[in-house]
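These notes are about the structure you will find just below.
The values are calculated or read from the model by the stated rules, or taken from the named source; none is laboratory data. On a predicted model such as this, the values are computed, not experimentally measured, just so you know. Please note: Cβ atoms are built from the backbone with ideal geometry, for glycine as well, and neighbour counts cover all protein chains shown. Accessible surface areas use protein heavy atoms only, side chains included; no ligands, DNA or RNA. Shrake-Rupley method; radii C 1.70, N 1.55, O 1.52, S 1.80 Å.
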Amino acid sequence: MDIFQTVTDRIVAELENGVIPWRKPWQAAGLAISHTTGKPYSLLNQMLLGRAGEYLTFAQVKQEGGYVRKGEKSSIITFWKWIDKEDEETGETVQIPFLRYYNVFHIDQCEGISPKYTKELTETANPDETAEAIIADYTAREGLTIEHEHGNRAYYQPATDKVVLPLMKQFAESSEYYSTLFHELTHSTGHEKRLNRLDAPAHFGSEDYSKEELIAEIGSSALVYHCGLETPNSFRNNTAYIQNWLQVLKNDKRFIVSAAGKAEKAVNFILVGQ
């Protein structure tokens, strides 16, 4: 199976149905996690699974004395495995990454298995304060400037290392404001003195533009979830964006895997500086 093509096809199918899959998991409470370890899956796997809760492989279900209900269909999760390969020129053994996958089932698709990590959700009293603390730490650490102006544009300017936003009072909801700001902060991680991801300025509709926008959207979504902010209306769900994402995904079967990885690096850089 071509795992890159399979992953891309699943994301494209969601987009063609008007669903933005990197938003879907975080509209519901919680994350998709491993029943075995309790650890959350990667951003890419959150998109592929699309539903919070515990997941198991068929073998893990059987090992715990349970069974998968008849007719239930599995989902896939991906992971990178390093394999040894001999360099033809030097004869040295080098390691190269190889994308693999597992088939997993949500615990609700199984019988005889009890959740191990389900916790009562607690309300975040002041989610805006959480977001502000993240923003203050990141901008102070990186020397990044955020400017607010009474206008209708939000953007990151690499030349001046500056984010420009409308005034907070112009946003209908706090979550919309922070989602927009996190989007631009994710762009800022691409500066050459940080993760060095940004190339020459790209125009709207181009493949380079769509790729960077995809990274910023996934990064914003993850940060909004991290802060406990609800986001039913805080993302770009319009025809122009969806069509551009569809175009770049259909032209490059490997990009959604790459974009999710780059978004995860951006989020970690904003949160912990690495």
Check your understanding: Which whole-angstrom value gives the distance between the alpha carbon centres of segment 248-268 and segment 131-194?
Key -> 22
Point to revise | Modelled FRET efficiency - R0 45 Å, Ile96 with His148, Cβ distances, 0.05 increments | key: 0.45
Study note, to complete from the structure: With Cα coordinates, the longest principal axis of the chain makes an angle with the long axis of helix 239-251, in degrees rounded to 10, of 50
Exercise for review: Considering only DSSP beta bridges where both residues belong to the chain, give the percentage that are antiparallel (nearest 5).
Suggested key: 70
Revision key, fill the gap. Once Thr186, Thr6 are ranked on solvent-accessible area with the largest value leading and a 1.4 Å probe, the list reads Thr6, Thr186
Revision key, fill the gap. Note: Leu167 to Asp199 extended length (0.36 nm per residue) minus current alpha-carbon separation gives 8.6 nm
Point to revise | Per residue accessible area of the chain, 1.4 Å probe, in Å² | key: 54
Exercise for review: Pop out the ³J(HN,Hα) list for segment 72-88 in order, Karplus 6.51 cos²θ - 1.76 cosθ + 1.60 with θ = phi - 60°, rounded to Hz; leave Gly and Pro as x.
Suggested key: 6, 9, 7, 10, 10, 10, 10, 7, 9, 10, 8, 10, 7, 9, 7, 5, 5
Review point. Which percent of the accessible area of the chain is formed by carbon and sulfur heavy atoms (probe 1.4 angstrom)?
Key: 47
Check your understanding: Which FRET efficiency, nearest 0.05, do Ser114 and Lys73 yield, Cβ-Cβ r, R0 25 Å?
Key -> 0.70
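Quick one: how many lysine pairs in segment 37-92 have C-alpha atoms under 30 angstrom apart, if they're 8 or more apart or on different chains?
8
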